[in-house]
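Visitor: Let me give you the structure first, and then I'll get to my questions.
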Amino acid sequence: MFVSYPEVAMSVTEAVEVEPARWPTGALAEALVDRARAMASAECEWLGLLAEFDRREGWRADGQLSGAAWLVWRCGLTATTAREKLRVAHELSRRPAIRAAFAAGKLSYSKVRAITRIEDADAETDATLLALAARGSAADLERVARHWRLLQEQERGVEDYLARFERRALRASRTFDGMMVVEVVLPIEEGEELLAHL
């Protein structure tokens, strides 16, 4: 644990009035953890507002076609980030235990994003995921979510695999600076095998 540093004339929850270079290292660590919790709590609140705004389709008033397009335009997010924020926002509205831990600053956005990849989770599953989040890293949670997706794929059976197999594709394009971009679309099992070989 870090010790308190009374010589710093401010608490870590106040605005930074002293140059960080003059802070003791322990006080910097406390401030970073405190600010990370505050950012997580603020992000949870923001996502709650976003879910309600999207539910009301408030983006239509600005002439946008979707919540993601509105976020790109008004909040400066990339399209990928905007879609991911909306996905997480809507999942949080259905998962009160995850939302409460996030609002309390006990979970980072990275952990919440990973947890919400596991869709249709019940209260017992969320309790297990919260226990894992308390002990593990965001990368651990991402591995659990990937494993869950693989199990879901297995349950879909051969028909689903064949449907995905038909969607295979290979695309290549040249860039203006003399490079080439190659995109390969494969069923996840074959993609994992390809990555292992590479």
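The values are calculated or read from the model by the stated rules, or taken from the named source; none is laboratory data. Quick caveat, the model's predicted, so the values are computed rather than measured. Every residue, glycine among them, receives a Cβ derived from its backbone with ideal geometry; neighbour counts consider all protein chains shown. Quick note on the areas: whole protein, heavy atoms, side chains included, nothing else; ligands and nucleic acids left out. Shrake-Rupley method; radii C 1.70, N 1.55, O 1.52, S 1.80 Å.
Visitor: What number of residues within the stretch 49-76 are open to solvent by less than 50 Å² (accessible area, probe 1.4 Å) and over 17 Å from residue 112 (Cα atoms)? Let's see the steps before the verdict.
Guide: Narrowing the stretch 49-76 to residues open to solvent by less than 50 Å² (accessible area, probe 1.4 Å): 50-51, 54, 58-59, 64, 66-71.
Among the residues that remain, those that are also over 17 Å from residue 112 (Cα atoms) are: 54, 58-59, 64, 66-71.
Within the stretch 49-76, residues that are open to solvent by less than 50 Å² (accessible area, probe 1.4 Å) and over 17 Å from residue 112 (Cα atoms) number 10.
Visitor: Looking at the stretch 170-184, is at least one residue assigned to a helix (DSSP H, G or I), farther than 26 Å from residue 98 by Cα and open to solvent by 80 Å² or more (accessible area, probe 1.4 Å)?
Guide: Checked the stretch 170-184: no residue is assigned to a helix (DSSP H, G or I), farther than 26 Å from residue 98 by Cα and open to solvent by 80 Å² or more (accessible area, probe 1.4 Å).
Visitor: Kindly state which helices (runs of 4 or more DSSP H) lie completely within the stretch 94-138 and contain at least 1 residues that are closer than 16 Å to residue 45 by Cβ.
Guide: Filter on the stretch 94-138 gives 96-103, 109-115.
Visitor: If you go through the stretch 77-102 one residue at a time, how many are surrounded by 19 or more Cβ atoms within 10 Å (Cβ to Cβ) and among the aliphatic types (A, V, I, L, M)?
Guide: Total satisfying the criteria: 7.
Visitor: If you don't mind, another one. Can you pull out the residues in the stretch 125-137 that are within 14 Å of the chain's Cα centre (by Cα) and either surrounded by 17 or more Cβ atoms within 10 Å (Cβ to Cβ) or among the acidic types (Asp, Glu) (or both)?
Guide: Across the stretch 125-137, the qualifying residue is only 133.
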